[in-house]
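Participant: Structure provided below as structure tokens; questions to follow.
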């Protein structure tokens, strides 16, 4: 049991079957107190870490790889028998962390940003019900994506995670992950807690750079965090470059061009009472008030294009699920045996579950203080049900192809649609904003969980797990993750806040707040800027450039995108230095472990730093940071870059 079958990742020949490692005829240890307990512990730890990282930089890492490494290492150290099946359950439950976090932090912080009152239970129910709906909507598509399309989708993240689980490389990799986690954690802890060096490098640190920023509105910034660098490594050079191209278009072309053309004018596209001219604004202000909306239009349009492209997927998968539903009752009545590896939660139960979930969402909207009356609750339910179902396949398709879930873009479009409809039914102002964001939170979590879950199910398919067990325990993982992330969000809001100086960045939440605020307060929306973004997305699609990645680059601040490019460049460099393909693969995998350690360690220590501030422990060296922070920052940053490169290159053929 040390390798996947030869036909695991290629299309099957006529009459050929895929036989997983864990044979379907035998019942293997999967759901045990050990696997469930460790899985839930991973949910709590990585939910806290992912929430912090996502609110700081706008990117939520997928926890599958580090959780798989930890699971393999612990299971091996404890001498657990039949550990492979249990490790799949640990990883599947633990994977709820990143998925639920993405759904929550991309929307719910916008409620704080807009100054609207929010309660813990409202945030928790939004995440919980959205996660449950995402699981239920995805299960009918399982056989289509993991079995019917065998070998046609690469499933990059599922591939990496499966290799770790199967080969046992996590035993050796656990040491690398631990060391890099300590380095990344200490590095980011020194920045966040002591301010030993600046978190962001800017061209304005030089006198000429400040002059250029003032006159031409031209500035470049680089976040020096270890976690963001690690994230860039895993994203890879291709997508990091595309994301940065979106940033370069905005920061090096659009913002300076706006200053050149309209520098002396006051432009109030959203009728919010702007009094400053473009020329009086800093580049960051121009980005926030104007240029970022172009990216929002691009993201929304890329989501629509994704639905259109996925129509065939929806049709095929629904047909497969319908056939399963029709055949289900008959086979059960005849007592027909189903292979363990093909056992899903019965389709009848799924249908009933979807109905119950939708009724619960309706009750939450109507009686949970989300909307004002039954009619508005019904409208909100329709928005959630229709958009969640349609976009489920988009999320799963994206994960299957590139390993990246475009959930933020799809949620932005949901918010635009929800805001327009809610205004039409009489829900405006603060109440309308809160309602739109809670509705958006349900949809966002549903899509995020659905996209993540298809990875877990593909891992289980390759290894030979029981889908029914993965599906059943996923609900528990979602509930624990929802409670954890909402609790962490409350702590971070009291510690840092989401508005003002030194506030959490929360770029997606800020973008979503910017979308609905003018629409709900009697103002307008910057439709011209949305339209420009939409046109860019369409042109990019025509030239086969991933429009969603480019548009994300246009609305996430450039200082968070440039480290992605550096990390992606490192992954390309270490994986291309040798003429031996196996050596390159080993080096790339070693770098992935280091990057995962940076992400997990940096994010976890970020949570520790936030807790220290929450308890009024202030060790920040303000004077030192102001005087020398940026000048010093380049040295430790180059140090962790060198560590990642040198350590990765030392890995040879396994």
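Participant: Pull out all pairs, ordered by first then second residue, where Cβ-Cβ is under 7 Å, the residues are six or more apart or on different chains, the first lies in the stretch 621-638 and is touching a residue at least 40 places away in the same chain (Cβ under 8 Å), and the second is surrounded by 14 or more Cβ atoms within 10 Å (Cβ to Cβ) and in a helix (DSSP H, G or I).
Facilitator: Final answer for the pair search is 621/194; 630/205; 636/187.
Participant: Does residue 472 qualify as being closer than 22 Å to residue 139 by Cα, modelled with pLDDT of 90 or more and not in a helix (DSSP H, G or I)?
Facilitator: no
Participant: Assigned to a helix (DSSP H, G or I), under 28 Å from residue 192 (Cβ atoms) and touching a residue at least 40 places away in the same chain (Cβ under 8 Å) - does that describe any residue in the stretch 253-269?
Facilitator: Looking through the stretch 253-269, none of the residues is assigned to a helix (DSSP H, G or I), under 28 Å from residue 192 (Cβ atoms) and touching a residue at least 40 places away in the same chain (Cβ under 8 Å).
Participant: Take residue 559 and decide whether it is at pLDDT 80 or above and in contact with a strand residue (DSSP E or B) (Cβ under 8 Å, 6 or more places away or on another chain).
Facilitator: yes
Participant: Restricting attention to the stretch 201-250, report how many residues are over 30 Å from residue 157 (Cβ atoms), in contact with a helix residue (DSSP H, G or I) (Cβ under 6 Å, 6 or more places away or on another chain) and in a helix (DSSP H, G or I).
Facilitator: Within the stretch 201-250, residues that are over 30 Å from residue 157 (Cβ atoms), in contact with a helix residue (DSSP H, G or I) (Cβ under 6 Å, 6 or more places away or on another chain) and in a helix (DSSP H, G or I) number 7.
Participant: Has the stretch 568-591 got any residue that is in contact (Cβ under 8 Å) with a residue 12 or more places away in the chain and within 20 Å of residue 49 (Cα to Cα)?
Facilitator: No.
Participant: Ok, one more. Among the residues in the stretch 435-454, are any surrounded by fewer than 24 Cβ atoms within 10 Å (Cβ to Cβ) and at pLDDT below 90?
Facilitator: Checked the stretch 435-454: no residue is surrounded by fewer than 24 Cβ atoms within 10 Å (Cβ to Cβ) and at pLDDT below 90.
Participant: Does residue 562 satisfy the criteria of being touching a helix residue (DSSP H, G or I) at 6+ places or on another chain (Cβ under 9 Å), farther than 26 Å from residue 235 by Cβ and touching a residue at least 24 places away in the same chain (Cβ under 8 Å)?
Facilitator: So residue 562 does not fit the description; no.
Participant: Out of all the residues in the stretch 519-559, which are farther than 22 Å from residue 244 by Cβ and either free of Cβ contacts under 8 Å to residues at least 60 places away in the same chain or out of contact with any helix residue (DSSP H, G or I) (no Cβ under 7 Å at 6 or more places or on another chain) (or both)?
Facilitator: 522, 523, 527, 528
Matching residues to (1) surrounded by fewer than 22 Cβ atoms within 10 Å (Cβ to Cβ); (2) at pLDDT 90 or above:
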{"position": "208", "(1), (2)": "yes, yes"}
{"position": "215", "(1), (2)": "yes, yes"}
{"position": "220", "(1), (2)": "yes, yes"}
{"position": "226", "(1), (2)": "no, yes"}
{"position": "238", "(1), (2)": "yes, no"}
{"position": "241", "(1), (2)": "yes, yes"}
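Participant: Can you find a residue that is under 26 Å from residue 560 (Cα atoms), assigned to a loop (DSSP other than H, G, I, E, B) and more than 24 Å from the chain's Cα centre (by Cα) anywhere in the stretch 270-277?
Facilitator: For the stretch 270-277, residues under 26 Å from residue 560 (Cα atoms), assigned to a loop (DSSP other than H, G, I, E, B) and more than 24 Å from the chain's Cα centre (by Cα): absent.
Participant: Related question: What about residue 56, is it buried (at least 24 other Cβ atoms within 10 Å of the Cβ), farther than 19 Å from residue 482 by Cβ and modelled with pLDDT under 80?
Facilitator: Yes.
Participant: Considering only residues that are out of contact with any helix residue (DSSP H, G or I) (no Cβ under 7 Å at 6 or more places or on another chain) and surrounded by 14 or more Cβ atoms within 10 Å (Cβ to Cβ), which ones fall in the stretch 612-633?
Facilitator: Answer for the stretch 612-633, where residues must be out of contact with any helix residue (DSSP H, G or I) (no Cβ under 7 Å at 6 or more places or on another chain) and surrounded by 14 or more Cβ atoms within 10 Å (Cβ to Cβ): 624, 625, 628, 629, 632, 633.
Participant: Criterion first (modelled with pLDDT of 75 or more, out of contact with any strand residue (DSSP E or B) (no Cβ under 9 Å at 6 or more places or on another chain) and crowded, with 16+ Cβ neighbours inside 10 Å) does residue 314 satisfy it?
Facilitator: It is false that residue 314 is modelled with pLDDT of 75 or more, out of contact with any strand residue (DSSP E or B) (no Cβ under 9 Å at 6 or more places or on another chain) and crowded, with 16+ Cβ neighbours inside 10 Å.
The values are calculated or read from the model by the stated rules, or taken from the named source; none is laboratory data. All of these numbers come straight from a predicted model, not from anything done at the bench. Glycine also receives a Cβ, built like all others from the backbone with ideal geometry; neighbour counts cover every protein chain displayed.
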